[in-house]
Amino acid sequence: MNTPRSKLPTRFGRLPKQVGHTPDGRFESGLANDDFVLAIGRIVTFFPLLERSMSEVMSELIGGYDAPVRQIFYSITDQQARINVMRSLLEEAQVNQGRGATWDFIIDDFASISESRSDYAQGIWWTHETGRIFLESPNPSSSSMFSKREINLNELNTVIDKMNDLASRLHDVIIERLEKLAARHRADGPSR
């Protein structure tokens, strides 16, 4: 029996987030402003260091010191899946029931930074004849081709500041983890 669907499928997606007015005039593809190029370069090249540190967070959330967590982390190639795994471990694994809100904030900030980095690295950049910079979403489901939003240096610098803040908090997590590992090693005694 072929029952008609109760809900029709979405054919053209939803309208993108507030795009704003794209000015008339000529656009050149790419970034023609060195300050923007440097800021994007900082974001894109700093992000893999955050990912490496987040693999340590995942290791701590798993609760095992001998688990091949880095291999697990990097074999999950979808960033959202990594984030979902870490959230699930934090919220549902008994070993993490005593962890405070700091851990939620770390995962939330990583998710937010990851989304920004993906937009910047995979989006299409445009420079307006006035020198204003616009980004076209990398989202293939966007219903509007050529919908661009203006990007300013303050936005990029805010992401860089968030990255630095997260890196500092991740550093603290890693140092605490290393101290635990050292204490465990001392308790086990010298290896022969």
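The values are calculated or read from the model by the stated rules, or taken from the named source; none is laboratory data. Note that the structure is a prediction, hence the values are computed from the model and not measured. Please note: Cβ atoms are built from the backbone with ideal geometry, for glycine as well, and neighbour counts cover all protein chains shown. The protein model used for the area step is the full one, side chains on, heavy atoms only, and it has no ligands, DNA or RNA in it. Shrake-Rupley method; radii C 1.70, N 1.55, O 1.52, S 1.80 Å.
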**Study point:** Net charge of neighbours whose Cβ lies under 12 Å from the Cβ of Ile106, counting Lys and Arg as +1 and Asp and Glu as -1
**Key:** -3
**Study point:** Cβ-Cβ FRET estimate between Ile160 and Arg132, R0 fixed at 22 Å, reported to 0.05
**Key:** 0.60
Check your understanding: Counting only heavy atoms of protein chains, what accessible area per residue, in Å², does the stretch 27-103 have with a probe of 1.4 Å?
Key -> 56
Study note, to complete from the structure: In nanometres, the difference between 0.36 nm per residue of separation and the alpha-carbon distance of Asn84 and Asp66 is 4.3 nm
Practice item. Return the FRET efficiency for the residue pair Val95, Asn152: r is the Cβ-Cβ distance, R0 is 41 Å, and the value is rounded to the nearest 0.05. Key: 0.40
